[in-house]
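K.L.:
The following block contains the structure, expressed as structure tokens.
Readers should treat all values here as calculations from the given coordinates under stated rules, not as data from a laboratory. Quick caveat, the model's predicted, so the values are computed rather than measured. So basically every Cβ, Gly included, is an ideal-geometry build from the backbone, and we count neighbours across all protein chains shown.
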């Protein structure tokens, strides 16, 4: 079962640069490994990750098989206003997961 | 009817000996599940187009000696004021010897505050990693690091 870990500061001063850390549990099967009988294991990865801050996209990533299992991505943003961060992961075989976190900006 | 076979074998051996004597023929090995420097160059071209990529401004933080290639921490930071006029548009990371030359594309904007991203990657071999950043003025900057991997993220692993 997929699950997300998000780390966003609960409070920040306006204009502060804050770090956002995200982790999504996912096997990230490369599509290059084989079973004992020699069959190729089909690719199963997360291909896209986006973060929206009060509806506006502030960060996006295209992921490839070279991203380690359980993709961990950190990035920064400026705390502009109180509100919500929405995170979306999209992947192979119809994988979609989302998570959100809120922040209070003083 | 063995005569033609023998003469073919003789011709072959003679030819092989001649090639060995020349000594300057490069050994060609077939390694399908591996990106080549040519693939790396193509992958970079597909991102930057015909623009020039300069060295500098980008810092690629990755351990030079990696024990486990299955999960390698990596941080890319770009020197930029991150204002509305001057910011990092995107960061692209490539490798030389994984089955695919791409590692990840990261799209930032003026609201990022800091031109920096971190993630964990897989490395199938000791190789060169290249990070390229596109700034808002359209210029490309790069940094590369050579990494030695002790235990590769094995692509041929049997499970």
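K.L.:
For the range A:4-105, what does the relative contact order come out to in percent, with C-alpha contacts under 8 Å and a separation of six or more?
P.N.:
Numbers: 240 pairs, mean separation 34.5, N = 102.
Contact order relative to length: 34 percent.
K.L.:
How big is D, in µm² s⁻¹, for the range B:34-159 by Stokes-Einstein at 37 °C and 0.692 mPa s if Rh is the Kirkwood radius over C-alpha pairs?
P.N.:
The Stokes-Einstein estimate is 221 µm²/s.
K.L.:
Now for a different question. Which ordering of B:40, A:23 is given by a fewest-first count of other beta-carbon atoms within 10 Å?
P.N.:
A:23, B:40
K.L.:
Let me ask another. In what order do B:88, B:130 fall by count of nearby beta-carbon atoms within 10 Å, going from fewest to most?
P.N.:
Result, fewest neighbours first: B:130, B:88.
K.L.:
If you don't mind, another one. Averaged over peptide B:94-107, how many Cβ atoms belonging to another chain are found within 10 Å of each residue's Cβ?
P.N.:
Working: counts 2, 2, 0, 0, 5, 6, 6, 2, 6, 6, 9, 6, 8, 7.
Average neighbour count from other chains, rounded to a whole number: 5.
K.L.:
Please list the radius of gyration and Dmax for chain A, considering alpha-carbon atoms only, with Å as the unit.
P.N.:
Cα radius of gyration and Dmax of chain A are 16.2, 60 Å respectively.
K.L.:
Given contacts defined as C-alpha pairs under 8 Å and at least six residues apart, what's the relative contact order of the range B:102-156, whole-number percent?
P.N.:
Computed over the range B:102-156, the figure is 33 percent.
K.L.:
Would you give the gap between the C-alpha center of the range B:92-139 and the C-alpha center of the range A:1-73, rounded to a whole Å?
P.N.:
Going from one Cα centre to the other spans 14 Å.
K.L.:
Please report B:50, B:119, B:36 as a ranked list, fewest other C-beta atoms within 10 angstrom at the top and most at the bottom.
P.N.:
Lowest to highest Cβ neighbour count: B:50, B:36, B:119.
K.L.:
May I ask what percent, to the nearest 5, of DSSP beta bridges between residues of the range B:31-151 are antiparallel?
P.N.:
Here the share of antiparallel DSSP bridges comes out near 85 percent.
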